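The values are calculated or read from the model by the stated rules, or taken from the named source; none is laboratory data. Quick caveat: nothing in here was measured; it's all calculated off a predicted structure. Counting neighbours? That spans all protein chains shown, and the Cβs are built from the backbone with ideal geometry, glycine included. For accessibility, only protein heavy atoms count, side chains too; no ligands or nucleic acids. Shrake-Rupley method; radii C 1.70, N 1.55, O 1.52, S 1.80 Å.
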Amino acid sequence: MRIGELAARAGTTTRALRYYEARGLLPARRDELGHRAYDERDLRLLRQIRTLRESGFDLEETRPFVECLRAGHPEGDSCPASLVVYRRKLDELDALIGELGAVRERVAGQLARAERARDELAAGSLVPGGPEPGCELGGQEL
């Protein structure tokens, strides 16, 4: 098949295919007229790349999976190098989850502090002569 057909079947662009070819992820075969020529194996490689990219893998992280398929394995993740990438990605995700958990805790603490301050201000306004609670945003009182 030609590049346009492969791009359409893979749900990508011809520009992306040329980029993958330049990066060595997609074979650069030519037919007798000099046009790029692809087959079902190439479509399978692209589907593997796309699946991994949709799961957050960067393009270089897809290489072991592509090489595994090229070597004739039935699945791109049946090779040891692919398993290493999976483990590394899980470690990366666990670290991000930890960072997000810490950020969430800080924001929750800030919210709790702000709510206490608001409640104290409101309680003080119930005292005769106490301050009136209010909030201004852009010159409009809320």
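Observations on the model:
- Some residue of region 51-58 being in contact (Cβ under 8 Å) with a residue 12 or more places away in the chain, among the charged types (D, E, K, R) and either open to solvent by 40 Å² or more (accessible area, probe 1.4 Å) or assigned to a helix (DSSP H, G or I) (or both): no
- Candidates LEU26, LEU46: the one that is hydrophobic (A, V, I, L, M, F, W, C) and in contact with a Phe, Trp or Tyr (Cβ under 7 Å, 6 or more places away or on another chain) is LEU26.
Residue-by-condition table, conditions (1) at pLDDT 95 or above; (2) within 30 Å of THR51 (Cα to Cα); (3) in contact with a Cys (Cβ under 6 Å, 6 or more places away or on another chain):
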{"site": "CYS79", "(1), (2), (3)": "yes, yes, yes"}
{"site": "VAL84", "(1), (2), (3)": "yes, yes, no"}
{"site": "ARG88", "(1), (2), (3)": "yes, yes, no"}
{"site": "GLU92", "(1), (2), (3)": "yes, yes, no"}
{"site": "ILE97", "(1), (2), (3)": "yes, yes, no"}
{"site": "LEU100", "(1), (2), (3)": "yes, yes, no"}
{"site": "VAL103", "(1), (2), (3)": "yes, yes, no"}
{"site": "VAL107", "(1), (2), (3)": "yes, no, no"}
{"site": "GLN110", "(1), (2), (3)": "yes, no, no"}
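- Only a single item in (1) of a type outside the set (A, V, I, L, M); (2) at pLDDT below 95; (3) within 14 Å of GLU61 (Cα to Cα) is not met by GLY129, and it is number (3).
- If the condition is being closer than 20 Å to GLY72 by Cβ, outside any loop (DSSP other than H, G, I, E, B) and charged (D, E, K, R), then region 22-43 contributes GLU40, ARG41, ASP42.
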